[in-house]
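Notes follow the structure.
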Amino acid sequence: MAQQGSARAFLHAAAWHPAALGAALAASLALSPAADANLPPEGFADLVAKVSPAVVTVVVSKEVSATPSGLPGGVEPGSPLDEFLRRFGIPSPEPQPQPGQRLRGLGSGFVIEQDGYIVTNNHVVEGAETVQVRMADEREFEAKVIGADPPTDIALIKIQSDQPLPMVALGDSDSVRVGDTVLAVGNPFGLGGTVTAGIVSALGRDIQAGPYVDFIQTDAAINQGNSGGPLFNAHGEVVGVNSAILSPSGGSVGVGFAIPANLVKTIVGQLKTKGGVDRGWLGVGIQPMTETLAEAFDAPDAEGALVTRVYDDTPAAEAGLRKGDIITAVNGQAIGDTRGLSETIAALDPGQEAALSVWRDGKPLELAVELATRPEREELAGARPLLERRSRDDFGLGLQDLSRADLRALGVYGGVRVTRVQPGSPAAAA
């Protein structure tokens, strides 16, 4: 669970473990906004009857290998701390699981093909030793994880059935508008098939959950256990996959987030054929542009992504990108900010050639780059900036990029820190 905003608001993955029920369920019942205003005269009964059979409960289990560190370990009933928490309405921390103990978690999912392919969240099945699927008609199946993509939190699992399964279709999330009526169907708090209604509250939300997902925000009640469940439009098409909520309690307060269906289509297609997702990669560090930076770099506006570093042995280095370049377009598609660049490059295939429009030294420039496959996180952590290598080898300098705190403290917009000067080098002679 990652903290979002102030101490009163937390971003929760909408998956559920049985120990979380008590206080969170009570808070949800007390705080959830009513959706009556969105109810059409004929109600949603026909729509719900049509789509609910394809919505499933996902049950996972795993053995705890080590006690989580840095987490509260429960509060003794009647203790001073328990009394303090009770007076201020703060739920007591749950005792932490011990090594060897088996944990069971619950989430949601939905069938997208009659032969048993099911979409859910990666965080529902991640690390699971067993995955079971319970259909709306109470049939149960063992499931196999076909593939998962942690950066977008999408997973594809499959069950075997002797007969075709009820399914729902992924719709066009690009056609979704703020104010559209939506329904969330899933398994909140392990209660089984539950339907909530609301509207699309906002589009393109960045909830700091990675660079590839612009979430759909909804006020339809989404709670722990809804993770991986579908968000339907009024036509019964899945326009999103419910994934997270913003809440001080773990229960719904009307701020839920769903992964757009158009992104899900792309991810699921790769998971089905390859078991994973390959993304295009440049090999640069970037930061957002501002009006001040645009003025400093003599750029026409604050659009684009500023290159803060170029890593060694990467497509960016081979293409001649430099620190201080501003990438303004990829294959003619304008880049508004750093997130736009990350999403655009990631959507291209490794090995594909891309045309970069760059602003350098007050002039536009076109560069061609052949993208590589994005490395794993561990490989990225060990990557070395090209500038640092060249500076050490060619000039006798050790350089380090300034952090944002350094930039603020020094009152500058960019630069590097000299960490070492090699005796006898050109840098020393200067």
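The values are calculated or read from the model by the stated rules, or taken from the named source; none is laboratory data. What you see is a predicted model, and the numbers here were worked out from it, not measured in a lab. Please note: Cβ atoms are built from the backbone with ideal geometry, for glycine as well, and neighbour counts cover all protein chains shown. We work out accessible area using only protein heavy atoms, side chains counted, and drop any ligands, DNA or RNA first. Shrake-Rupley method; radii C 1.70, N 1.55, O 1.52, S 1.80 Å.
A quick yes/no check of all residues on (1) surrounded by 21 or more Cβ atoms within 10 Å (Cβ to Cβ); (2) among the aromatic types (F, W, Y); (3) on the phi > 0 side of the Ramachandran plot; (4) out of contact with any Pro (no Cβ under 8 Å at 6 or more places or on another chain):
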{"position": "E295", "(1), (2), (3), (4)": "no, no, no, yes"}
{"position": "T308", "(1), (2), (3), (4)": "no, no, no, yes"}
{"position": "I326", "(1), (2), (3), (4)": "yes, no, no, yes"}
{"position": "N331", "(1), (2), (3), (4)": "no, no, yes, yes"}
{"position": "T344", "(1), (2), (3), (4)": "no, no, no, yes"}
{"position": "G351", "(1), (2), (3), (4)": "no, no, yes, yes"}
{"position": "R360", "(1), (2), (3), (4)": "no, no, no, yes"}
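Does D162 count as out of contact with any His (no Cβ under 9 Å at 6 or more places or on another chain) and more than 23 Å from P53 (Cβ to Cβ)?
So D162 fails the test.
Which ones in the range 326-345 are of a type outside the set (A, V, I, L, M, F, W, C) and free of Cβ contacts under 8 Å to residues at least 40 places away in the same chain?
Across the range 326-345, the qualifying residues are T328, N331, G332, Q333, G336, G340, T344.
Taking the range 333-342, which residues are open to solvent by 20 Å² or more (accessible area, probe 1.4 Å) and assigned to a loop (DSSP other than H, G, I, E, B)?
G336, D337
Kindly provide the set of residues from the range 140-162 that are among the charged types (D, E, K, R) and either under 24 Å from G269 (Cβ atoms) or touching a residue at least 12 places away in the same chain (Cβ under 8 Å) (or both), ordered by number.
E142, K144, D149, D153, K158
Pairs please, first residue from the range 278-305 and more than 30 Å from P150 (Cβ to Cβ) and touching a residue at least 40 places away in the same chain (Cβ under 8 Å), second anywhere and in a loop (DSSP other than H, G, I, E, B) and not small (G, A, S), Cβ atoms under 7 Å, 6+ apart in sequence or on different chains.
Short answer, once both residue conditions are applied: T292/Y413; L293/Y413; A296/Y413.
Can you spot a residue in the range 324-340 that is over 13 Å from S357 (Cβ atoms), under 28 Å from the mean Cα position of the chain (by Cα) and polar (S, T, N, Q)?
yes
Within the range 163-180, which residues are within 29 Å of E138 (Cα to Cα), open to solvent by 40 Å² or more (accessible area, probe 1.4 Å) and either in contact (Cβ under 8 Å) with a residue 40 or more places away in the chain or within 20 Å of the chain's Cα centre (by Cα) (or both)?
Within the range 163-180, P164, P166, M167, A169, L170 qualify.
Go through (1) open to solvent by less than 40 Å² (accessible area, probe 1.4 Å); (2) not in a strand (DSSP E or B) one by one and return the number of the condition A258 breaks.
(2)
Residues of the range 220-235 being open to solvent by 10 Å² or more (accessible area, probe 1.4 Å) and either of a type in the set (G, A, S) or more than 19 Å from S175 (Cα to Cα) (or both), which ones?
A221, N223, Q224, A234
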